[in-house]
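The values are calculated or read from the model by the stated rules, or taken from the named source; none is laboratory data. This one's a predicted model, so the numbers in the text were calculated from it and none came from an experiment. Ideal geometry is used to build each Cβ from the backbone, glycine not excepted, and the neighbour counts take in all protein chains shown.
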Amino acid sequence: MKILNSRVIRISIASLLTGSLIGLVGGVFRYCLIAVDSGRNALITGAHAWPHLGWLAPVALGLAGAGLARFLVVRFAPTAEGSGVQRIEAAVAGEVELVPYAVVPVKFFGGVIAIGSGLALGREGPTVQMGATLSRFISRFLTEDDQDGKVIEAAGAGAGLAVAFNAPVGGSIFVFEELTSSFTPWLLVATLAACSVAVWIMRGMLGNTLDFTVQHVNATHDWKVAPFLALGALLGAVGALYNTVTVGLLRLSDRLSGISSVCRAAFIGATIGLVAWFAPSLVGGGEVLSQAILADQYAMGGLVTVFLARFLIGPWSFAAGAPGGIFAPLLVLGASFGALFAGVLNHSIPLLNLSPVACAVVGMAALFSASVRAPLTGVVLAVEMTGRGDLTLALLGASLMAMVVAILLKSEPIYETLKRRMLAREALNKKAIAEGYSAPLVR
């Protein structure tokens, strides 16, 4: 009995149960996103049979989807807006209260509706927050103190990321590098248990394959690391600008407080629907788009279009305040820039003969590192999602350069900015309620 009641056994059991639950929920979530993406594309294809009025279909879908997703957040779980990663970081650090269980259905259905309607948001935001919330439900029965509960919560969030990207090691490193900035035996046990079981269950549901099918070329020569360093430096600047645009649009949305946030989200969704009418592949989570880039299916002109469009669509979609993350959009943007970088250099200096596919993979990790400032997580995610372990040196070098340039540009990590914004908004709401207002000022 003493062994069964030991701390490590309780934490292990809680983590395994947490991983099992988020693996099941995350697997169903991913399956639903695949289904709604197919449905949206079928709708747009069918609507083109009526060229003069057909555009109304994707516009109406975007308007209704984004508006409904935002309504679910405002009405049932305000803490479910956006990514949710910044809230989990704050909860683990003891800066905010733990989120209510209503977050789980709102994140699930709101995420499916928002991303399915075309908003360029990532599936990892909902799975991370759902994972942390579900872990709290389990830990309350199996842990004895708040500290162990926070360990299980962090492990559950990591399991959510692992399920979203089919990357158990990446999800684990995300916990140590980004969520907690710590590495303890208890956190290690909980995280590895939760992430491994979650991905095992998800793969049992959706198949044991890599997220992206990427061709293998000849191993990268040592002297070719230099171009990857240049790519990383450029993406450091791109990441800093992307963060600025994202936060700028959020602040613009805050200034339009006279307009209901549901109406603002609906307008954003309608504009995304109009983009979908002309280019269906440019909207949504972007997994299919990333696969096309990694399969080297785009010419230079197409890559320019993808990069510029997604650079604007990503922050614009995030400003809707619907459930959804920013990781997946960053991967699309980094891949398109990396492939474009290879194309430009090969045209200018043919002897380099850079692989657009290799540069796309490296670009994914480098932009992630510039924006989120979690280079190890970005590198491991890129390797686990593509299977390109031969690019490890290039991935590390580019991620390092991206991080250095972003720091030199005084660009704050995106989740630090989002967390500070979240805490300021909640402080303002508490002050408003304390002064006698019947409802929060910020919604």
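Run down P280, P227 and say which single residue is in contact (Cβ under 8 Å) with a residue 60 or more places away in the chain and over 18 Å from V362 (Cα atoms).
P280
With respect to the numbered conditions (1) in a helix (DSSP H, G or I); (2) over 22 Å from V36 (Cα atoms), which one is the sole condition not fulfilled by S257?
Of everything listed in (1) in a helix (DSSP H, G or I); (2) over 22 Å from V36 (Cα atoms), S257 misses just condition (1).
E177: among the acidic types (D, E) and in contact with a Ser or Thr (Cβ under 9 Å, 6 or more places away or on another chain), yes or no?
Against the criterion (among the acidic types (D, E) and in contact with a Ser or Thr (Cβ under 9 Å, 6 or more places away or on another chain)), E177 qualifies.
Within segment 282-314, count every residue that is over 19 Å from L119 (Cβ atoms), surrounded by fewer than 23 Cβ atoms within 10 Å (Cβ to Cβ) and among the aliphatic types (A, V, I, L, M).
5
Being surrounded by fewer than 24 Cβ atoms within 10 Å (Cβ to Cβ), closer than 13 Å to T18 by Cβ and not β-branched (V, I, T) narrows it down to one residue among L134, L142; which is it?
From the options L134, L142, the qualifying one is L142.
Residue by residue, here is whether (1) within 26 Å of V379 (Cβ to Cβ); (2) more than 19 Å from the chain's Cα centre (by Cα); (3) modelled with pLDDT of 90 or more; (4) basic (K, R) holds:
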site	(1), (2), (3), (4)
P100	no, yes, no, no
K107	no, no, yes, yes
R123	yes, no, yes, yes
D146	no, yes, no, no
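Of the residues that make up segment 244-262, is at least one more than 15 Å from M364 (Cβ to Cβ), crowded, with 20+ Cβ neighbours inside 10 Å, over 18 Å from the mean Cα position of the chain (by Cα) and in contact (Cβ under 8 Å) with a residue 40 or more places away in the chain?
yes
Give me the residue from segment 167-184 that is free of Cβ contacts under 8 Å to residues at least 24 places away in the same chain and in a helix (DSSP H, G or I) and, out of that set, farthest from S15 (Cα to Cα).
F176
Could you check segment 46-56 and list, in sequence order, the residues that are free of Cβ contacts under 8 Å to residues at least 60 places away in the same chain and assigned to a helix (DSSP H, G or I)?
G46, L56
Quick one: which residue in A154, A114, A162 is modelled with pLDDT under 95 and outside any loop (DSSP other than H, G, I, E, B)? Spell out how you get there, then give the answer.
Details: A114 fails: modelled with pLDDT under 95; A162 fails: modelled with pLDDT under 95.
Unique residue meeting the criteria: A154.
Please pick out the residue among G82, G67, G94 that is out of contact with any His (no Cβ under 9 Å at 6 or more places or on another chain), within 24 Å of W316 (Cα to Cα), modelled with pLDDT under 90 and small (G, A, S).
Numbers: G67 fails: modelled with pLDDT under 90; G94 fails: within 24 Å of W316 (Cα to Cα).
Exactly one residue qualifies, and that residue is G82.
Among the residues of segment 185-207, which ones are in contact with a Phe, Trp or Tyr (Cβ under 9 Å, 6 or more places away or on another chain) and farther than 22 Å from V8 by Cβ?
Answer for segment 185-207, where residues must be in contact with a Phe, Trp or Tyr (Cβ under 9 Å, 6 or more places away or on another chain) and farther than 22 Å from V8 by Cβ: M205, L206.
Going by what's in this entry, would G67 be described as small (G, A, S), surrounded by fewer than 18 Cβ atoms within 10 Å (Cβ to Cβ) and over 20 Å from F327 (Cα atoms)?
For G67, the condition - small (G, A, S), surrounded by fewer than 18 Cβ atoms within 10 Å (Cβ to Cβ) and over 20 Å from F327 (Cα atoms) - is not met.
Quick grid of which residues meet (1) surrounded by fewer than 24 Cβ atoms within 10 Å (Cβ to Cβ); (2) of a type in the set (G, A, S); (3) under 27 Å from T271 (Cβ atoms):
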| position | (1), (2), (3) |
| --- | --- |
| F318 | no, no, yes |
| A322 | no, yes, yes |
| S336 | no, yes, yes |
| P350 | yes, no, no |
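Among the residues in segment 220-242, are any among the aromatic types (F, W, Y), closer than 27 Å to G160 by Cα and buried (at least 21 other Cβ atoms within 10 Å of the Cβ)?
Yes, there is a match, as at least one residue in segment 220-242 is among the aromatic types (F, W, Y), closer than 27 Å to G160 by Cα and buried (at least 21 other Cβ atoms within 10 Å of the Cβ).
Select from segment 120-139 the residues that are outside any helix (DSSP H, G or I) and more than 14 Å from N166 (Cβ to Cβ) and list them in ascending order. Before you say what the answer is, go through the steps one by one.
At the first step, the residues of segment 120-139 found to be outside any helix (DSSP H, G or I) are 120-123.
Within segment 120-139, A120, L121 meet the criteria.
Could you tell me which numbered condition T271 fails, if it satisfies all but one of (1) within 20 Å of P323 (Cβ to Cβ); (2) not in a helix (DSSP H, G or I)?
(2)
Go through segment 195-213 and count every residue that is loosely packed, with under 12 Cβ neighbours inside 10 Å and in contact with a Lys or Arg (Cβ under 9 Å, 6 or more places away or on another chain).
1
Can you confirm whether I272 is farther than 27 Å from S172 by Cβ, β-branched (V, I, T) and modelled with pLDDT of 95 or more?
For I272, the condition - farther than 27 Å from S172 by Cβ, β-branched (V, I, T) and modelled with pLDDT of 95 or more - is met.
Quick check on segment 79-108: of everything there that is outside any helix (DSSP H, G or I) and of a type in the set (D, E, K, R), which residue is surrounded by the most Cβ atoms within 10 Å (Cβ to Cβ)?
E81
Of the conditions (1) under 18 Å from the mean Cα position of the chain (by Cα); (2) modelled with pLDDT of 95 or more; (3) under 17 Å from V245 (Cα atoms), L308 clears all except one; give me its number.
Condition not satisfied by L308: (1).
Taking the options A42, A35, A14, A60, name whichever one is under 24 Å from L187 (Cβ atoms) and either assigned to a helix (DSSP H, G or I) or not polar (S, T, N, Q) (or both).
A14
Restricting to segment 1-59, count the residues that are basic (K, R) and either closer than 29 Å to A120 by Cβ or in contact with a Phe, Trp or Tyr (Cβ under 8 Å, 6 or more places away or on another chain) (or both).
Adding up the residues that qualify gives 3.
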